[in-house]
Structures are given as C-alpha cells and as structure tokens.
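Below: one structure, written as structure tokens.
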Amino acid sequence: MAVLPRAPSQAELKDQLFSPPPQALNPAWNPGLVETLLSQWWGLQAGFHRLQFEDQQVILTLCLGPRHKVLRELDFQADLVFWDGQTEDLKQVAKLCRRGARLLWPKTNAFMNSSLAAAEPAEQKTRLQAVGFVLPELTQTETWSVTYDPRWEPRRAPPLVNPWGEVPPPTEPVLVIGAGLSGAACARALADRGWSVTVLDAAPEPATVGSGLPVGIFGPHFSKDDGRLSQITRHGVRHTWQAAQRGLQQGVDWSPTGVLEHRLHGRAGVDSLVSEISRTTSTHPEHLFSHEATQVQKQSLGLLEQAPVTWHPYAGWIKPPALVRFLLNHPLIDFRRHCPVLSLVRSETRAWQALNSEGQPLAESRWVILAGGPFSPSLLPQTSAQRVALDAVRGQVTWAETNDPRHWPAIPVNGHGSLIAQIPTDAPSSSSGKDVSNGRPQTAWYTGATFDRRPGQPDLASLDHLNQATPVAALDTQKNLKKLQFLLPHLPALPDQTESALKAWASIRCTSPDRLPWVGPVDEEHLPGLWLCTAMGARGLSWALLCADLLGSWATGEPLPLEAAHARALLASRNRR
C-alpha cells in the first residue's frame with residue numbers, strides 16, 4: 001500500500017528509484033524489478049490503483065490524491081506504516097493501525113513535495129503520543145520508529161463486511177454457482193488467495209450463456225464529472241488488462257488496441273485543454289484514460305476532423321470464453337459441468353447444500369457465491385430476492401468472416417453499438433503466418449449488440465435452457481447493421497457479404513436497478529455465508545475481475561482494491577442499509 005499526493009512520471013519515478021534509497025527502506029534496487037514496476041505505471045489518475053506482480057503474489061495498492069481524502073477511503077488494519085513526518089493526518093493514520101503496528105519514517109523522503117516541511121521532532125513526539133504511539137527517545141538518525149499501543153481501547157467502526165475466517169482455508173471448499181465470467185473470476189480470486197473452490201454449472205462447458213460472447217470490448221467510461229461509474233470502470237479496466245496479460249495470448253485471445261468512441265447523441269467529450277493538446281501535438285498525458293482523438297485517428301474511420309471522437313488508449317478487445325477458461329485453470333478450482341442447482345438449503349451443520357431438480361445434494365459449503373446472472377435470485381429466499389431484483393437484458397451480435405480485413409478498422413469503435421474487426425478466427429496457420437486453412441477466412445468482424453430490456457424471464461421450472469443458445473432474430477441483425485451505418489457512415493459497403501454470410505449470436509445478461517453490480521453478502525445476519533457477484537450488465541469485461549478482487553479482499557480481510565465509498569456502493573446488501 002502506498003499513498004502519494006500525485007503520480008510521478010515514469011522519468012521521475014525511474015530517477016528516484018535508482019537514486020540512493022533511504023536507510024529505512026534499505027532495498028537493493030534491481031533494474032529488472034524497476035522495469036516491472038514501470039510496465040504498470042500507466043493510467044494513474046487520482047484514485048486507487050491495484051498493481052499486481054509475481055503472478056499476484058505481490059500486490060501494490062497505489063492511492064493518489066489529497067492525503068486526508070485518501071486516508072478516509074482506506075479500510076484495513078496495518079502492521080507497518082512508512083510515514084513522511086507530517087503530523088496533520090496522524091489521527092487518521094492511527095485509526096488504520098492495529099495494536100502493535102510500527103510506524104517508520106526516514107529523515108528525508110524522495111517522494112515528498114519539497115514545499116512540505118516535516119514537523120520538528122519535539123512536535124512529532126507530542127502528537128504521536130496523543131494518538132496512541134509509544135516511542136523511545138528520538139535521536140537524529142536516518143530512521144525513526146514508534147509502536148502503536150494506546151493506553152485506551154480504540155473505538156473503531158465495524159468492518160463493512162466481516163471476513164470469512166482465518167487463512168489457510170477451511171477443509172471444505174468455497175462453492176461458486178455459475179461458470180461465467182463473474183463466477184470464474186470469483187473462483188480465481190479466492191484460489192489465488194489459497195482457498196479451495198468448487199464451481200457448479202448446468203452447462204456442458206464454462207462460458208456458455210452471456211459470457212459466451214465471441215468477442216467484446218473492455219474500456220473506460222468517460223463522464224464530465226468523473227463520477228462513480230467512471231471511476232469504478234477505470235479500476236476494472238486495469239484488473240482486466242492485468243488478467244489478460246497473465247493468461248491470454250495477445251493478438252489471438254485479446255489485444256490492447258485502444259478504443260475509439262464516436263460520441264453520438266451529444267455525449268460529453270474530454271476537457272477542452274486536453275483536446276487542444278491532442279489536436280496540436282498528437283501526444284497525450286500518460287496517466288489519462290481518455291483524450292480527444294487525433295485527426296489521423298478520425299480519418300482512419302472516414303470521419304471529418306470536427307467529428308466528436310474520444311480516444312481511450314487503455315482499452316481493447318477480448319474473447320470472454322478464453323478469459324473464463326484461463327481463470328478456471330487453477331489447481332485449487334474444481335469445475336463441475338452438468339450440475340444444475342435448483343435450490344439452496346441449510347444443513348444441520350449450518351452449511352449450505354446445493355440441490356438439483358430431484359432434491360439431491362450436488363455440493364455443500366459454509367460459503368456460497370451466486371454468480372448465475374439472471375438466475376441467481378431464484379436461489380434466494382423471496383424477501384432477499386426482491387431486494388436484489390435483476391433486470392434481464394437480451395443482446396444480439398451480428399458477425400461475419402472476411403478474407404480481406406483491410407476494409408475494416410484495426411481499432412474497435414463504439415458509441416452507438418460497436419464494431420470490432422480484424423479479429424482472428426480459429427482457422428489454422430503455419431508458423432510463418434501463412435494461411436493453411438484451404439482458403440478459409442482467418443478474421444471476422446462483429447457489430448452490435450442490441451439491448452432488449454424486456455426479453456422475458458427464463459423458465460426456471462427447467463434448467464435445460466442453460467444448455468441452449470438464446471434464439472436469434474433476423475430483425476435484430478438489421479438493427480445492428482443500421483446502427484453500424486450510423487456509427488460509421490463512411491464505412492465501405494460490406495464487401496462480399498450476402499445475407500446468408502451474416503451470422504448472429506444472442507444471449508441474456510442482467511443489470512441492477514441502479515446499474516451497479518451486486519457484490520458481497522446478501523444478508524450476514526439471516527443468510528450467513530451466502531454472497532452474490534452478479535449484475536455486470538454490458539460492462540462485464542470491465543467489471544468482473546475488479547468485483548471478484550473486491551469479494552476476495554472482503555472474504556480475507558485484506559485492503560480493498562478501490563475506495564471504501566465505491567465498495568459500499570457495490571454491496572449486495574446496500575438496500576438493507
């Protein structure tokens with residue numbers, strides 16, 4: 001965990017890391033480790049950032065912004081704190097320390113703003129003792145150290161969510177119901193923390209319902225006020241990017257191409273100053289997630305220079321089924337197919353039993369995560385299901401293979417539906433890259449998706465529908481093509497595409513009434529151990545990994561990956577508060 005007033009540039013950071021370090025930190029900086037850090041030193045706008053290293057064995061939560069505001073958004077108990085000697089926020093620092101925690105600070109601080117001078121030792125001593133720190137006589141050494149051990153019992157607010165218990169994990173595994181993107185992400189988040197996980201799904205393969213989308217976009221959401229939706233989505237984009245880097249093949253399963261947003265219907269654009277910088281220099285500040293597109297980028301889409309287009313550099317396309325398969329590929333995850341769960345009951349041991357349609361138990365655990373999308377409320381008691389009501393939304397994508405991808409933009413475009421083109425298919429190729437598929441197209445383009453808010457609720461009397469694709473509609477194919485023409489009016493006529501060559505994919509996703517996911521315990525008092533992670537809507541690729549990390553952090557009592565206020569807004573029990 002690190003709290004900085006601002007994000008240093010890569011040049012500043014590299015210079016500071018290679019300079020003689022303070023004795024308190026005493027690291028032997030390795031150039032390879034520094035380069036690893038710099039590889040994730042992007043998109044560092046104000047807020048929290050979760051940087052992951054060594055296959056998630058090392059995690060740095062970087063918090064940028066005014067320190068007094070950042071400290072209010074932290075929710076954990078620290079064992080060790082490195083401090084810069086400032087005294088105005090000591091009370092907030094003390095609230096984050098468990099009894100026995102050490103507070104260290106060097107005589108100088110490389111990252112401290114030079115205009116902020118540390119308090120004198122005598123003043124520091126008085127203020128440290130006032131908030132509960134016990135300290136020896138301060139000496140003029142390179143490092144000072146004190147211990148948090150107040151004479152009184154600190155009054156602390158109860159945690160937002162009670163952790164499950166101690167690590168290592170209990171003997172029985174955590175049970176996850178649903179092997180889509182949310183369920184797979186939750187299973188992986190817990191398995192990476194050492195928990196055994198059993199994943200049940202009614203389908204023969206994972207990612208067969210909404211997460212079976214052939215390809216989708218992950219990227220930020222821009223708003224003038226940089227509201228909660230924008231900030232949470234930025235958190236999620238970094239999580240998705242990191243997961244893809246860990247386990248997917250770039251250019252085949254995903255690609256960080258960036259995304260161009262054609263702002264139709266009067267959608268807000270980036271700040272005018274940033275837009276002017278972008279227009280005149282074709283360069284962008286490295287920490288911003290969104291910029292006005294350059295003239296060259298607009299021309300690549302056949303749009304005029306004055307067209308409202310936003311460039312999102314930290315975005316791209318990804319194939320959800322490939323991501324789900326990677327997430328489930330862990331020795332502590334047991335994926336069980338053909339296991340439709342019709343109900344959940346409490347056993348005599350106060351564990352939850354997942355029962356099939358014949359009332360036979362499929363699995364049992366004290367901790368269950370419902371990640372079955374629109375089917376999740378059916379496993380809750382009626383009163384709880386009403387509080388976490390989900391809206392089912394049907395979506396259909398139109399796509400086709402092509403032998404000549406040059407007709408299509410290399411960068412995904414959204415704004416009124418979307419276009420994702422030049423996506424490699426499963427056609428084989430030789431090591432030299434030559435087509436060995438007997439003329440079979442090796443790329444495809446995808447456009448959509450429709451957004452039908454009233455698709456009709458699925459028949460819960462039988463779970464056979466989970467093994468079937470949602471029927472496609474010819475009318476929706478025409479809708480998608482019309483939206484594409486409106487999005488990119490100067491796109492060349494569909495080359496060599498006849499109606500018979502067009503294909504479609506459709507499924508159902510779900511949203512909450514406030515359009516934010518449901519994450520965490522449903523009702524800790526009456527339904528202990530029953531949690532949710534669902535309602536990702538159309539932003540599953542940008543939210544699922546973040547929500548799973550949040551769930552894992554709550555379960556184990558770790559520092560949260562985002563601000564406490566945002567975490568509170570995602571709580572599955574938020575309607576009870």
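Here are a few things to note about the model shown:
- Any hit, region 310-327, residues being in a helix (DSSP H, G or I) and of a type in the set (Val, Ile, Thr): yes
- Looking across region 549-571 at every residue that is touching a His at 6+ places or on another chain (Cβ under 8 Å) and in a helix (DSSP H, G or I), the one that is farthest from Cys63 (Cα to Cα) is identified as Asp549.
- Among the criteria (1) among the hydrophobic types (A, V, I, L, M, F, W, C); (2) buried (at least 16 other Cβ atoms within 10 Å of the Cβ); (3) at pLDDT 90 or above, the one Leu80 does not fulfil is (2).
- Here Ala535, Ala548 are screened, and the one residue that is touching a residue at least 40 places away in the same chain (Cβ under 8 Å), on the phi > 0 side of the Ramachandran plot and touching a Cys at 6+ places or on another chain (Cβ under 6 Å) is Ala535.
- Selection within region 32-54 - touching a helix residue (DSSP H, G or I) at 6+ places or on another chain (Cβ under 6 Å), in contact (Cβ under 8 Å) with a residue 24 or more places away in the chain and not in a strand (DSSP E or B): Leu38, Trp41
- Out of Ser211, Ser182, sole residue that is closer than 20 Å to Leu342 by Cα and of a type in the set (Ser, Thr, Tyr): Ser182
- Selection within region 104-115 - out of contact with any Gly (no Cβ under 8 Å at 6 or more places or on another chain) and either over 22 Å from Phe48 (Cβ atoms) or at pLDDT 90 or above (or both): Leu104, Pro106, Lys107, Thr108, Ser114, Ser115
- In the condition set (1) crowded, with 20+ Cβ neighbours inside 10 Å; (2) in contact with a strand residue (DSSP E or B) (Cβ under 7 Å, 6 or more places away or on another chain); (3) of a type in the set (Gly, Ala, Ser), Gly258 is compliant with all but (1).
- Of the listed requirements (1) at pLDDT 80 or above; (2) more than 23 Å from the chain's Cα centre (by Cα); (3) hydroxyl-bearing (Ser, Thr, Tyr), Ser376 misses just one: (2).
- Some residue of region 315-324 being crowded, with 20+ Cβ neighbours inside 10 Å, more than 20 Å from Ser542 (Cα to Cα) and under 27 Å from the mean Cα position of the chain (by Cα): no
- Test for Arg156: is it in the same structural domain as Gln45 (by TED's automatic domain parsing) and at pLDDT 80 or above: no
- Subset of region 495-552 (residues that are of a type in the set (Val, Ile, Thr) and surrounded by fewer than 20 Cβ atoms within 10 Å (Cβ to Cβ)): Thr498
- Residue check for Leu344: aliphatic (A, V, I, L, M), modelled with pLDDT of 90 or more and touching a helix residue (DSSP H, G or I) at 6+ places or on another chain (Cβ under 6 Å): yes
- Of the strands (runs of 3 or more DSSP E) entirely within region 351-391, those holding at least 3 residues that are buried (at least 22 other Cβ atoms within 10 Å of the Cβ) occupy 368-370.
The values are calculated or read from the model by the stated rules, or taken from the named source; none is laboratory data. The structure displayed is predicted, hence computed values, not measured ones. All Cβ positions, even for glycine, are placed from backbone atoms using ideal geometry, and neighbour counts span all protein chains on display.
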